[in-house]
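These notes concern the structure reproduced below.
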Amino acid sequence: MEDEKQTIHKRRVRYSGTHPRTFQEKYKEQDPEKYGDTIEKVIRKGSTPAGMHLPICVREILDFLQIRPGQKGLDATLGYGGHTTEMLNCLNGQGHVYALDVDPIEIKKTKKRLAERGFGEDILTIRQINFADIDIVAQEAGKFDFVLADLGVSSMQIDNPERGFTYKFEGPLDLRLDPEKGISAAERLRGIQEEELTGMFEENADEPYAREIAREIVRRNRKKEPIETTVQLKEAIENALSFIPEKERKEAVKKSCQRCFQALRIDVNNEFEVLYSFLEKLPEVLVPGGRVAVLTFHSGEDRLVKRFFKTGKKKGLYSEISDEVIRPSAEECARNPRARSTKMRWAVRA
């Protein structure tokens with residue numbers, strides 16, 4: 001008698017109470033095709049469903065890019081594929097979009113999701129490559145009629161505790177967009193000096209308590225108690241800010257956690273260096289009259305984009321640039337609170 005392979009039924013994660021709390025328990029939110037009603041209910045409450053990312057400033061981006069059938073475009077930061085989908089819809093089956101991402105985990109999911117929506121390789125090319133290398137992509141694809149770069153971290157990365165992007169859940173302190181390359185945030189902190197860490201927190205996130213937090217982290221290193229997890233970093237920040245009056249401390253810790261995690265993420269992913277390289281190469285990958293829109297999420301990014309666009313216009317590389325930042329509407333921010341810090345700038349190639 002031949003052995004028969006038996007499929008072992010794996011039960012989904014159970015949760016106590018009436019509502020799922022952890023990322024793993026929110027199985028409905030991570031299956032939008034099957035549980036559309038649940039997804040809409042979560043969004044109506046002003047939350048982002050676990051494992052999803054809501055594209056920001058879609059109307060503003062499309063109004064500016066003026067995409068027409070037959071054009072060729074680049075989504076420099078694919079993420080969940082929301083912006084890419086909207087741009088592909090504008091092409092109406094004629095033209096091509098190239099989309100880039102460094103995250104080996106999410107890029108596979110997004111490629112599958114977009115293929116199931118009918119966007120095959122005839123109209124969409126997805127590459128796992130850093131958007132600092134847009135010149136390499138342009139050598140293969142030719143110059144682009146439109147380019148979009150959304151510099152925000154995707155909600156899928158933030159919400160998954162295993163990626164270590166948030167202080168709200170226990171997880172390894174990683175923070176890498178590509179966990180297969182470079183060193184984790186935990187490794188970065190292990191042998192760092194107080195002065196360097198203070199500078200990182202100040203330059204990357206304008207952290208007002210940079211020195212106090214850096215001193216506490218370095219003290220833990222000396223005591224052979226290095227920070228390995230997201231919660232351990234939060235605890236170190238709480239301890240460093242224990243001098244703040246109790247009624248003000250909770251909010252101060254929350255904001256410092258947000259800033260310090262941001263600063264570390266920028267550092268381990270070399271985000272400023274990557275953005276600098278992208279902006280430097282950008283004019284040469286655009287056709288005359290080509291349009292580019294960039295979404296930024298903190299002041300350091302916005303300053304860099306603003307400077308490159310202004311300098312580019314003075315040099316005659318751009319014929320027009322946005323005089324002021326464009327922000328998402330109040331309605332969008334109410335529906336998607338993660339949109340609140342978004343700033344959009346644009347430029348038109350001369």
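The values are calculated or read from the model by the stated rules, or taken from the named source; none is laboratory data. Because the structure is predicted, anything quoted here is derived from the model rather than measured. So basically every Cβ, Gly included, is an ideal-geometry build from the backbone, and we count neighbours across all protein chains shown. Keep in mind that these areas ignore ligands, DNA and RNA; they rest on the heavy atoms of the full protein, side chains included. Shrake-Rupley method; radii C 1.70, N 1.55, O 1.52, S 1.80 Å.
Using the structure shown, decide if Ala334 is assigned to a helix (DSSP H, G or I), more than 19 Å from the chain's Cα centre (by Cα) and more than 24 Å from Asn204 (Cβ to Cβ).
Against the criterion (assigned to a helix (DSSP H, G or I), more than 19 Å from the chain's Cα centre (by Cα) and more than 24 Å from Asn204 (Cβ to Cβ)), Ala334 qualifies.
Specify which of the listed residues (Glu140, Glu194) is over 17 Å from the mean Cα position of the chain (by Cα) and more than 26 Å from Ile107 (Cβ to Cβ).
That would be Glu194, the only listed residue that is over 17 Å from the mean Cα position of the chain (by Cα) and more than 26 Å from Ile107 (Cβ to Cβ).
Of the residues Ser329, Ser319, only one is among the hydroxyl-bearing types (Ser, Thr, Tyr) and out of contact with any strand residue (DSSP E or B) (no Cβ under 8 Å at 6 or more places or on another chain); which? Walk me through it before giving the result.
Working: Ser319 fails: out of contact with any strand residue (DSSP E or B) (no Cβ under 8 Å at 6 or more places or on another chain).
Just one listed residue meets the conditions, Ser329.
Taking the range 157-178 as the search range and keeping residues that are under 26 Å from Tyr276 (Cβ atoms) and modelled with pLDDT under 90, which one is surrounded by the fewest Cβ atoms within 10 Å (Cβ to Cβ)?
That would be Ile158.
Name, by its number, the condition in (1) modelled with pLDDT of 65 or more; (2) assigned to a helix (DSSP H, G or I) that does not hold for Ile39.
Only one criterion is unmet by Ile39, namely (1).
Which residue is surrounded by the fewest Cβ atoms within 10 Å (Cβ to Cβ), if the candidates are limited to the range 229-273 and must be farther than 16 Å from Ala214 by Cα and of a type in the set (Lys, Arg)?
That would be Lys247.
Exactly one of (1) at pLDDT 95 or above; (2) crowded, with 19+ Cβ neighbours inside 10 Å; (3) in contact with a helix residue (DSSP H, G or I) (Cβ under 8 Å, 6 or more places away or on another chain) is unmet by Ser319. Its number?
Against the list (1) at pLDDT 95 or above; (2) crowded, with 19+ Cβ neighbours inside 10 Å; (3) in contact with a helix residue (DSSP H, G or I) (Cβ under 8 Å, 6 or more places away or on another chain), Ser319 comes up short only on (2).
Return only the number of the condition from (1) open to solvent by 20 Å² or more (accessible area, probe 1.4 Å); (2) within 18 Å of Lys343 (Cβ to Cβ) that Leu279 does not satisfy.
Among (1) open to solvent by 20 Å² or more (accessible area, probe 1.4 Å); (2) within 18 Å of Lys343 (Cβ to Cβ), the lone unmet condition for Leu279 is (1).
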